[in-house]
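Each reported figure results from applying straightforward, stated rules to the coordinates on display, with no laboratory input. Remember, it's a predicted structure, so these values are computed and weren't measured experimentally. Positions of Cβ are backbone-derived with ideal geometry, glycine not excepted, and every protein chain shown enters the neighbour counts.
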Amino acid sequence: MFSPLLLRAGLRYMLRHRWQGLLALTGIVLGVAVVLAVDLANSGARAAFELSAQQLQGKATHRLVMPGGTLPDEVYVALQRQSGAPPMAPVVNGWVEIEGWPGRLRLAGFDLFAEGPFRSELAGVSSQVGFTTDWLTQPGALVLGESLARALDVAEGESLDVLYRGKSATLTVLHVDSSASAVADDLLLVDIATAKSVLQMEGELSYVDLILDADAEAWIRQRLPAGVELQTALEQAQGVTRLSAAFELNLTAMSLLALLVGMFLVFNAMTFSMVQRRNLFGRLRAIGVTSRELFRMVLLEALILAVLGTLIGLLLGVWLGQGLTRLVAATVSELYYNVSVTALVLDTGSLLIAIALGVLATLIATLVPAWHAARTPPLTTLSRSALEQAARHAVPLWGLFGVALLLIGLTLALVLPGGVIMSFAGLFSLVLGAAMMTPMVIRLLHSLLARAAPPGIWRMGVRDLDRHLSRLGIAVAALMVALSASVGVGVMVESMRGSVNTWLSDLLNADLYVAAEGFDQGAQLTPSLVEDVARLQRVDAISRYRERKLPIDGRRVEVIGAHLAEPSRQGFALLSGASSAWQAFDEGAVLVSEPLAWHLGLAPGDTLELPTVDGPLVVKVAAVFRDYASEHGRVFMDEKLYERVWPGQPLNTLALFARDGDVEAMRREVSELAAEHAIVITSAGAILRESMAVFDRTFRITEVLRILSLIVAFIGVLSALMALQLERGKEYAVLRALGLTRGQIAGLISGESLLMGLLAACVALPVGILMAWVLIESVQRRAFGWTMPFGVDGVLLMQTVLVGLLAAGLAALYPAWRSAHADPAPQLRED
Amino acid sequence: MLRGCSLLMLLLSAWLLTACGQEPPPPAATIRVDEAMGGTPDPDFARAFEPRAFSFPGDHGPHPDFATEWWYLTGNLESDDGRRFGYQLTLFRVGLRPGEAVQDSDWRSNQVYMGHLAVSDIAAGKHYSAERFGRAAAGLAGATSRPFEVWLGPWGLHSDGDFFPLELEAQDDGFGLSLQLLAGDKPMVLQGERGLSRKSATPGNASYYYSFTRLPTTGEVSIGDAIYRVQGNSWIDREWSSSALDTDQAGWDWFALQLEDGRELMFYQLRTREGEMHAFSRGVLVERDGGVHELSPEQVKLTPLRYWQADDGTAYPVEWRLQVPGLELDLSVQASLDDQLMDHTVQYWEGAVDVSGSHAGRGYLELSGYAGGP
């Protein structure tokens, strides 16, 4: 063990150099906190999604569905009357809208008598006398969760109007459930009879849930009517989780970024603290402390620091995580449906990663310098330059290692086949490699700068940077990672925004769009309205659309039967099979969206199977078109074919082209029809604006996280600079004694810092663009199946450089002020 | 006949919780029967004030004007190789509200059905039971008089004719019944005053009540993968009312005994809160030729001899001495199996019994109002 003396020496040092200890601690705390916070926000959002899905799914193992349609009542009624039937629960649900409420809410209708084995929390929401009677006999009786009731401002006994497909229905709050999470926050829970009435589903069920073992499954399969499909819970869950895939991907990328920045912060803090103490180590060695004792002491100290830092970091992370979780929940609510993350989900995985980061990264960061300190002869250890020299020697080695990692990353992401995980692994490797290369690149840039630098203070600053590479290298790398991630994500978002904008503007080229009132895409137009519109004088051409969702290969593919007017056809960006594609379309071939084509490996000329009640319909692929509307995929087919396969389905949307381009005249005509029919008339511009607003909301969280990572990197640079300037107090005193003014000292420090920011930004730009490329070509492609033209925005790049400079400049303010104002005399007297 | 009343009342308050399994029984489910029976049905339901002219087969079907109604079947069966079984199938109809339901949906109904199914495998010492609920809509549950049918999901009674022969079909997870009940020799018994059975002094606190006391029964009992061909005798009680227990009534002990000499004895003891026999307790002795003797509390002496304790600590008297001195009956009634507890939405004990003493026989016993305190 250590002698008490040694421990006291370590402790005294820490106490005398509080600042250094504090800065090292800050690094660890911040790193741990950021990683935990981002992870908590992610798992919170995921948990909210899962809660919602799970509550609807309950303990069901299987589900009976009618692909592309609803399940007739008789299927369930007949099955449940047979002896030996397994537990079954019929469900009727759909999305409704409430005036003045931004999102959609799920109206879920259950038969409580069948619910027992399935969703006991749902079934158990009430225990009051008389509840059952009202629930069953009072049309519109509603149960909802406490937080939703508060948000909607309704209390028990009050009524709530909901809109479904343009029709309004009144629900009455029978019970507000206050038990935690019994009722998900997006759920309006009603009796199945109420749901059937509100959702206009007489004679139909959304699906039937089942609990099946192998025997019961065989029993059911023998009795399945034609067209009814038995799906497993797994297949169902995939459908639900896919809904959030795009969003989750976004969050995962951010988690990764946080982990990287956090790692660098911890490394930075610890390496720094070690470097600073070589002097003490030398003295200890000189008075006879063995290298083993020294090594142990340093590790013990690091461990104490790591544990303390991790603990504080976890607390800070939880606090920060709460804020972020709320933000994520708000975004999810706006984009998908209402969720509220009431309780923070302290996910073991998140905690473990954060703890591992705090403890392991700290120890690893300590290991090399500690080993160095213990091994080197006392005299060398005492020498100031020895470590710098060692660090300088290591630079090319790190650099080579970095290049290798970068190449591995690119190979993983772009060359080797694999899924999104592979892409992310590649991205991670790429950024790590780039960070390792940073000191080498700085050295190269530095040698250029040194040659070009003007004489005087400026040159001194440039030289200094090289001299302090061991201390500053990692801080610069951390800043670089933050900046490059900012560039990478920024370029990706901008490219995507541009692509979506172009795609939408091309596709939405009609003058007006007419849809039935109601938020729902399933809202349907009455045939009489369609006739009326066709008769209008000012309408030159009409495109008609009707749609349904079909399960294809575990994806919920939108199939659209369309009559496309000539200008509508021109709106399609056909990626392949362009020649004669439209002729093939008219003859019964279909247009397949890029994501679907990617996932199913479809090319023009291939065939695609669509499930229908009468068995699969085999269609030929005429062309693949660019589409960002659905990651699940979309299929366009001619109206005539659609009508033949799914007869009698009303239209969902009309696209109108004005005669002689007189949109206003046409709008007046159509508006007159709106008096008789519940329709919404929208211009392409309005749809475009709304779509882009949704797009921007999706990526708002990205913005916040980008800024967060920059702040953390900024603190990293600040702490590195602070520590350095504090250590160099004596050096500045000598400079002051030599005649440098306070201003010159401050200038020196600021100049060095700005140079650091500039260098970080210079490395960050190419790395960021590379990241963006990987994100677009690999991550987006593999996750969603779509491609997009790569567009680098010069303004964004300039911004990044400015942010780098700003961060470095701000970080230098306090150290510069302090060093400039320090009295040189005591510093000089010390030796 | 009163049995079932408490079940129906409790149904309104507590079915949800226990029906939903898994969860531990919530407070509502342990409401004492007498408390639960205190509630009065909606006054707009029809009430039984005076005897009615029964009309069959119509009256075998449902009477939705009344709040509650049941088809209550019990019986003792024996397989070809002498293995003994007891069974119970009860289908309750509950009117949640009087009148027709608001017709906003085909799935809306003011009528709900509850079913209890039980099989006692005496030789194996096992008692199986299950519970179901369903709304009387969309074909999920319901009753018709012509042809006669009562069903709740896969459980049901039906007849191609007016009522007999009656087919009983009820399978649950791991056990089930598939039986045919014949009319036999015994005529229908109208209970109480020409079928009007008064439960308390309050006017209208009465039910319409008739019984078939000995129905030759054949069919199959299934337990697990084993199927037993069985024969024996069943007992059917039909009752409908809109009545409730009086405040001084705590529960009841109900006996339905088929004696080997061809006679049947039915007696229900309404217990007061003090555990005494209530003045409105009633019974009937059915002669071999179908003639009846009404039994009032003064004629009958009931003494519990032995108690069996359920897991929750409730003690049920599973052995009795039943004396009717005026008719020279001194019967010892013993549970064929101690644990025939119906632990569902409401806890009660109902099971097969052996009769010995002055006369031998078999029968069914129901003990209610014991859970949740004396």
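Here are a few things to note about the model shown:
- Rounded to the nearest 20 debye, the dipole magnitude of region A:135-222 is 340 debye, with +1 charges on Lys and Arg beta carbons, -1 on Asp and Glu beta carbons, and the Cα centre as origin.
- Distance between modelled label sites at A:E731 and A:T70, nm, 7 Å Cα→Cβ extension: 7.7
- For chain B, the relative contact order comes to 16 percent (Cα pairs under 8 Å, sequence separation of at least 6).
- Most positive-pole-ward Cα, A:F636, A:T607, A:L564, against dipole of region A:559-676 from beta carbon charges: A:T607
- B:E298-A:T411 pseudo-label distance in nm [points 7 Å out on the Cα-to-Cβ vector]: 10.7
- If R0 is 60 Å, the Cβ-Cβ spacing of B:Q231 and A:I287 corresponds to a FRET efficiency of close to 0.05.
- Net charge over other residues, Cβ less than 9 angstrom from the Cβ of B:Q323 (K, R count +1; D, E count -1): +1
- Taking amide H positions as modeled 1.01 Å from N, with prolines and chain starts lacking one, the residues under 5 Å from A:K59 and 5 or more places away or on another chain are A:R119.
- Averaged over the residues of A:107-117, the number of partner chain Cβ atoms lying within 10 Å of the residue Cβ comes to 5.
- With K and R counted +1 and D and E -1, the other residues having a Cβ less than 14 Å from that of B:E50 yield a net charge of +3.
- Shape call, region B:117-173: gyration tensor on alpha carbons, a/c limit 1.5: oblate
- About the Cα centre, charge dipole magnitude for region B:263-374 (Lys/Arg +1, Asp/Glu -1 at Cβ), debye: 240
- Rounded, prolate or oblate (a/c below 1.5 giving rounded, otherwise prolate when a/b exceeds b/c) for chain B by Cα gyration tensor: rounded
- Shielding of peptide B:98-111 by partners, expressed as the average count of other chain Cβ atoms within 10 Å per residue Cβ, is 6.
- In this label model, A:E146 and A:D215 are separated by 4.4 nm, measuring between points 7 Å along each Cα→Cβ vector.
- With K and R counted +1 and D and E -1, the other residues having a Cβ less than 12 Å from that of A:Q82 yield a net charge of +1.
- Size of electric dipole in region A:528-652: Cβ of Lys, Arg +1 and of Asp, Glu -1, about Cα centre, debye, nearest 20: 180
- Mean per-residue shielding of peptide B:135-141 is 6, counting Cβ atoms of other chains within 10 Å of each Cβ.
- Amide proton proximity set for A:L575, modelled H, under 5 Å, gap of 5+: A:V624, A:F625, A:R626
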